Amino acid sequence: MGIEVKNNIRIILHQPSHPGNIGATARAMWTMNLSSLYLVSPKSFPDPAATARASGAEHILEQAIVVSSLDEALADCAVVIGTSAQNRHLPWPQLSPRECAQYVVEQAKVQNVAILFGPERTGLSNEDLQRCQHQVAIPANPEYSSLNLAMAVQVICYEIYGALSEPSDQPIQPLANDAQMQSFYLHLDQLLDAIQFRKPTSSPDLMPKLKRIFNRAQLDEDEINLLRGVFKKICKDPST
Ligand code: SAH
């Protein structure tokens with residue numbers, strides 16, 4: 001499979017607190033031949049503990065991109081997958097690690113794909129996960145299912161390594177990217193207010209449920225523009 005496919009696969013660590021885990025992530029990625037690492041507000045980076053744990057994969061750390069928000073890390077990604085052991089009260093579409101790898105490798109032929117890992121102590125928030133089209137849980141002991149961050153990265157990258165060696169010929173269409181989806185959701189949110197759809201008694205799950213529908217629809221840029229045209233017609237200026 002071409003070099004550009006794996007270059008389109010981005011591993012994102014969201015607010016990692018232990019620099020050792022950043023180094024171990026670099027090593028996990030490089031053993032599986034992946035190299036695009038983004039760090040969102042790491043507690044300490046660069047850090048000698050990260051370099052020590054990378055042992056041989058220091059170049060992944062050197063070329064890692066450090067950003068201060070998830071928006072920056074995800075803006076140009078059309079597919080975002082969140083990793084979490086936890087079941088949420090609003091269940092999110094699930095993929096197994098192997099299904100995730102196959103999907104990621106297919107989609108990365110035409111666009112950037114992100115796999116998002118949460119902070120060590122808290123994991124991904126519901127809001128973070130709702131930016132993702134899918135959740136991946138690594139099957140584990142139900143009584144103790146939380147892997148070390150870098151070990152979770154290793155399992156996911158191992159599956160991607162396998163999927164990269166089994167190319168599929170399925171044609172893939174580019175999807176809207178995260179920046180376009182976020183501004184679409186903002187527009188939808190403003191529209192709901194403008195048409196007074198929300199009542200004081202409305203469930204706080206209203207927006208997450210709508211996001212789940214639109215994430216599942218895998219919209220492309222033209223479809224987003226079509227829907228936004230409809231919103232504009234319903235309400236000329238949704239911010240008033
Ligand atoms: N206490 C946190 C644990 C976070 S572990 C929680 O309950 O969510 C740090 C990160 O490693 C997680 O955010 C996730 O990205 C990844 N991770 C750990 N175990 C995982 C599992 N079983 N499946 C998928 N991702 C996992």
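The values are calculated or read from the model by the stated rules, or taken from the named source; none is laboratory data. Keep in mind it's a predicted model, so treat the numbers as computed, not measured. FYI the Cβ positions are ideal-geometry reconstructions off the backbone, even for glycines, and counts take in every protein chain you see. Heavy atoms of the whole protein, side chains included, go into the accessibility calculation; ligands, DNA and RNA do not. Shrake-Rupley method; radii C 1.70, N 1.55, O 1.52, S 1.80 Å.
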Hey, can you tell me all the residues within segment 23-41 that are farther than 20 Å from ARG131 by Cα, open to solvent by less than 40 Å² (accessible area, probe 1.4 Å) and not small (Gly, Ala, Ser)? THR25, MET29, MET32, LEU34
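Please work out which residue is farthest from GLU221 (Cα to Cα), limiting yourself to segment 172-192 and to residues that are open to solvent by 70 Å² or more (accessible area, probe 1.4 Å) and not polar (S, T, N, Q).
Of everything passing the filter in segment 172-192, LEU186 is farthest from GLU221 (Cα to Cα).
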Search result, residues across segment 144-164 that are away from the ligand (no atom under 12 Å from the Cβ) and open to solvent by 20 Å² or more (accessible area, probe 1.4 Å): TYR158, TYR161, GLY162, LEU164
With within 21 Å of TYR158 (Cα to Cα) and of a type outside the set (Phe, Trp, Tyr) as the only criterion, which of LEU70, LEU90, LEU61, LEU74 stands out? LEU61
Taking segment 193-226 and keeping only residues that are over 19 Å from HIS134 (Cα atoms) and surrounded by 16 or more Cβ atoms within 10 Å (Cβ to Cβ), one is left with ALA194, ILE224
I want to confirm something. Restricting to segment 97-140 and keeping residues that are of a type in the set (Val, Ile, Thr) and surrounded by fewer than 18 Cβ atoms within 10 Å (Cβ to Cβ), which single residue is farthest from CYS157 (Cα to Cα)? THR122
Do we find that ASP193 is away from the ligand (no atom under 16 Å from the Cβ), outside any loop (DSSP other than H, G, I, E, B) and either among the small types (Gly, Ala, Ser) or out of contact with any helix residue (DSSP H, G or I) (no Cβ under 9 Å at 6 or more places or on another chain) (or both) in this structure? yes
Filter segment 68-94 for residues that are within 11 Å of the ligand (Cβ to nearest atom) and more than 16 Å from ARG10 (Cα to Cα); the one that is least open to solvent (accessible area, probe 1.4 Å) is SER84
Out of all the residues in segment 39-62, is one or more under 13 Å from the mean Cα position of the chain (by Cα) and in the same structural domain as ASN148 (by TED's automatic domain parsing)? yes
Residues located in segment 53-64, provided they are loosely packed, with under 13 Cβ neighbours inside 10 Å and assigned to a helix (DSSP H, G or I): HIS59, GLU62
Residue that is without any contact (Cβ under 8 Å) to a residue 60 or more places away in the chain and on the phi < 0 side of the Ramachandran plot, where the choices are ILE156, ILE115, ILE138, ILE160: ILE138
Selection count where residues are outside any loop (DSSP other than H, G, I, E, B) and within 15 Å of the ligand (Cβ to nearest atom), scope segment 20-47: 11
